[in-house]
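The values are calculated or read from the model by the stated rules, or taken from the named source; none is laboratory data. What you are looking at is a predicted structure, and each value in this text was computed from that prediction instead of being measured. Using ideal geometry, Cβ is built from the backbone for each residue, glycine included, and neighbour counts are taken over all protein chains shown. SASA here: full protein model, heavy atoms, side chains in, ligands and nucleic acids out. Shrake-Rupley method; radii C 1.70, N 1.55, O 1.52, S 1.80 Å.
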Amino acid sequence: MDIRKVIVIGAGQMGSGIAQTAAVTGLETVLHDVRLDIVERGIANIAKSLAKFVEKGKMTAEERDAALSRIRPSDNFENARDCDLAIEAVVENLAVKSTIFKSLDSVMPAHAILASNTSSLPITELAAFTGRPSQVIGMHFMNPVPIMKLVEIIRGLQTSDSTFEAIENLAKQMGKVPASCQDVPGFISNRVLQVMINEAIWCLYEGVATPESIDTIMKLGMNHPMGPLALADLIGLDTVLSILEVLQNGYGDPKYRPCPLLRQYVKAGWLGRKSGRGFYNYQ
Ligand code: NAI
């Protein structure tokens with residue numbers, strides 16, 4: 001299947017990164033959110049990110065301008081009517097995502113694929129909200145999307161081979177390395193990662209060490225590019241909490257119980273980098 005035009009739903013940190021990468025790849029790209037001012041902020045972030053690529057000599061100014069000209073803003077699902085693919089990247093909440101999948105299914109052409117960038121929610125369940133479960137799939141990019149190589153591809157129970165192949169080929173075309181897994185809570189990446197992040201938060205909660213010490217030990221001791229608390233701040237603490245709840249509910253195992261300190265930070269609006277405050281202060 002030839003994917004030429006894509007709509008990205010959600011213009012937050014992941015949606016903007018996905019739209020940027022799609023546009024650089026040469027795809028006609030629609031960036032959609034609930035309000036146009038949110039989309040414009042997303043496009044401004046894309047322009048900033050592309051400017052850095054130009055500064056570093058990884059892209060010419062002409063290539064940057066061409067990529068930006070391929071991105072169209074949207075606050076109306078009607079703009080999905082002529083798209084071959086939707087990649088949904090809104091908040092990690094099944095109720096919100098399922099409403100979007102229903103809307104997309106009702107307007108998109110019969111051949112179109114509906115993909116979700118969810119970190120942990122069941123693809124099979126999202127697919128059940130549509131009349132085309134064989135064309136629903138998980139396409140899980142990593143943060144920051146323009147830099148990170150991996151795309152974790154998740155097959156729902158009914159995902160067809162042709163849908164899988166189309167998304168695998170697209171990931172490669174976007175310069176990424178696809179790796180696939182079955183539809184289990186948290187897939188591979190977050191099933192493994194979030195246990196480490198949660199444990200680091202428990203260490204902080206118990207007063208075992210400061211955030212700086214915890215991150216230095218994990219960074220230099222394990223050769224990780226960043227510590228687990230700094231990584232949690234980058235992901236967004238609301239997203240980390242949602243993923244841990246999906247893991248806890250999905251496996252019924254207390255090892256995934258979110259640390260109370262994480263819940264408290266989220267209630268306070270300390271969501272990490274995106275709100276200016278998390279385990280570290282970014283103001
Ligand atoms: P974010 O909070 O930066 O952005 C979410 C966006 O969704 C916001 O712009 C919001 O306005 C929009 N939105 C909410 N409801 C909407 C609706 N009904 N229609 C259209 N747009 C709507 O969140 P982020 O970090 O971009 O995460 C998005 C998704 O990507 C989540 O499912 C998350 O689990 C996943 N993800 C996040 C990663 C991360 O490191 N933050 C990494 C990989 C996946």
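Using a Gaussian network model on the chain with a 10 Å cutoff between Cα atoms, which of 209, 80, 230 fluctuates the most?
Result: 209 has the largest fluctuation of those listed.
Hey, can you grab everything whose amide H is under 5 Å from the amide H of residue 180? Only 5+ residues off in sequence or another chain; H modelled, so Pro and N-termini drop out.
Long-range HN contacts for residue 180: 153.
Which FRET efficiency value, to the nearest 0.05, is calculated for residue 99 and residue 52 with the Förster distance at 41 angstrom and r the Cβ-Cβ distance?
After rounding, the FRET efficiency stands at 0.70.
For region 1-82, just say rounded, prolate or oblate: build the C-alpha gyration tensor, square-root its eigenvalues into a ≥ b ≥ c, call rounded for a/c under 1.5, and beyond that prolate if a/b exceeds b/c, oblate if not.
oblate
So who's got an amide H within less than 5 Å of the one on residue 93, skipping anything under 5 residues away but keeping other chains? H placed 1.01 Å off N, in plane.
Sorted by chain and number, the residues that satisfy this come to none at all.
I want to verify a result. In a Gaussian network model of the chain, Cα cutoff 10 Å, which of these has the top mean-square fluctuation: 97, 176, 219?
219
Tell me what the chain gives for mean residue ellipticity at 222 nm when only DSSP H runs of n ≥ 4 count, each as -39,500 (n - 2.57), the sum divided by the residue total, rounded to 500 deg cm²/dmol.
Taking each H run of at least 4 residues, the total per residue is -15000 deg cm²/dmol.
Looking at region 189-274, what % of the alpha carbon pairs are farther apart than 19 Å?
34 percent
Specify the residue with the greatest mean-square fluctuation among 88, 40, 55, computed from a Gaussian network of the chain linking alpha-carbon atoms under 10 Å apart.
Comparing 88, 40, 55 in the GNM, the peak value goes to 55.
Tell me, what is the 1.4 Å probe accessible area of residue 140, in Å² to the nearest 10?
Number for this one is 10 Å².
Once you place label points 7 Å from the Cα toward the Cβ at residue 82 and residue 148, how far apart are they in nm?
Each label point is offset 7 Å from its Cα along the Cβ direction, giving 3.3 nm.
Please compute the per residue accessible area over region 189-274 with all protein chains in place, 1.4 Å probe, rounded to a whole number of Å².
On a per-residue basis, 51 Å².
Write down Rg/Rh for the chain, rounded to two decimals, with Rg from the C-alpha atoms and Rh from the Kirkwood relation over Cα pairs.
0.97
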